[in-house]
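What follows is one structure encoded as structure tokens, with my remarks underneath.
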Amino acid sequence: MEAPRIPSNEKERLETLLRLRILDTPSDDRYDRYTQICTRLFDVPIAVISLVDKYRQWFKSACGLDARETPRKISFCGHAILNDDIFEVQDALQD
């Protein structure tokens, strides 16, 4: 997989993310319920709520995944934030 490009609104996006003060906060049942519902609804082994900062994607909630973050340069979400369209990965093993 290619490293994601930097979006044109990167500065504003990061400022907003920092202003929310959500990065590196403890897990929260409200978010965990969403990821649990997603795994059942879509019949998938993993669902995450991911926030992309300057160097990483951080998981506010993860169901079926033990990691709390991954480098941005290898993240699917780094690609997904580039536009408002649906971003679907058919086979993550091939990307």
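The values are calculated or read from the model by the stated rules, or taken from the named source; none is laboratory data. Model, not experiment: these values are computed from the prediction. Positions of Cβ are generated from backbone atoms using ideal geometry, with glycine treated the same way; all protein chains shown enter the neighbour counts.
List of remarks:
- Test result for Q36, outside any loop (DSSP other than H, G, I, E, B) and in contact with a Leu (Cβ under 8 Å, 6 or more places away or on another chain): no
- Looking only at residues in region 23-49 that are exposed (fewer than 15 other Cβ atoms within 10 Å of the Cβ) and within 13 Å of the chain's Cα centre (by Cα), the one that is modelled with the highest pLDDT is L23.
- Of all residues in region 68-94, those satisfying the criterion of being part of a loop (DSSP other than H, G, I, E, B), surrounded by 11 or more Cβ atoms within 10 Å (Cβ to Cβ) and of a type outside the set (A, V, I, L, M) are R68, S75, F87.
- All positions within region 50-67 that are surrounded by 14 or more Cβ atoms within 10 Å (Cβ to Cβ) and assigned to a loop (DSSP other than H, G, I, E, B): D53, L65
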